[in-house]
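Below is one structure, written out as structure tokens, with a few remarks after it.
The values are calculated or read from the model by the stated rules, or taken from the named source; none is laboratory data. All figures in this text were calculated on a predicted structure; none of them were measured in a lab. Positions of Cβ are generated from backbone atoms using ideal geometry, with glycine treated the same way; all protein chains shown enter the neighbour counts. What goes into the accessible areas is simple: the full protein's heavy atoms, side chains included, and nothing from ligands, DNA or RNA. Shrake-Rupley method; radii C 1.70, N 1.55, O 1.52, S 1.80 Å.
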Amino acid sequence: MEEHDHEYAEALQELIDEGTLVEGTAAHGVAMQALHSGHSTLTGKQSFVYERFVASALKKKTCSICGEFASYFDGKRLCGYHRNQIEKSDRDD
């Protein structure tokens, strides 16, 4: 699994854990299909469900700098790249 896929899977799990994405719903099924088979495999109706329920929730789970999937670091939501850049900058100071 690529790093982006891993971060996407973590973001989906966060949505499930907080109750935003409920297992067994159409939105959950579509999100899992997008994760395992790619967004290009979604039908028109599935894409609508994805955009309406999954993508809108995932936007809250992105890096505050670049928009990639991210986790919290030092009070901000940052992707691995930007987290490493900040840590490196802190070490250099």
Sorting R83, R77 on solvent-accessible surface, 1.4 Å probe, most exposed first, gives R83, R77
Could you list which residues have their amide H under 5 Å from that of E68, counting only those 5 or more apart in sequence or on another chain, with H placed in the peptide plane?
C63
Lysine pairs meeting the criterion (Cα under 18 Å, 8 or more apart or interchain), as found in the chain
4
Label corresponding to P(r) over Cα pairs in 5 Å bins from 0, in percent when calculated from the structure given, among [x] 3, 13, 24, 25, 16, 9, 6, 3, 0, 0; [y] 3, 14, 22, 22, 17, 10, 6, 4, 2, 1, 0; [z] 3, 12, 16, 15, 11, 9, 8, 6, 5, 4, 4, 3, 2, 2, 1, 0:
[y]
Check: the chain dipole with +1 on Lys, Arg Cβ and -1 on Asp, Glu Cβ, in debye
460
Suppose all protein chains stay in the model; what accessible area per residue would a 1.4 Å probe give for the chain, in Å²?
66
Determine the share of the chain's accessible area contributed by carbon and sulfur atoms, expressed in whole percent, with a 1.4 angstrom probe.
49
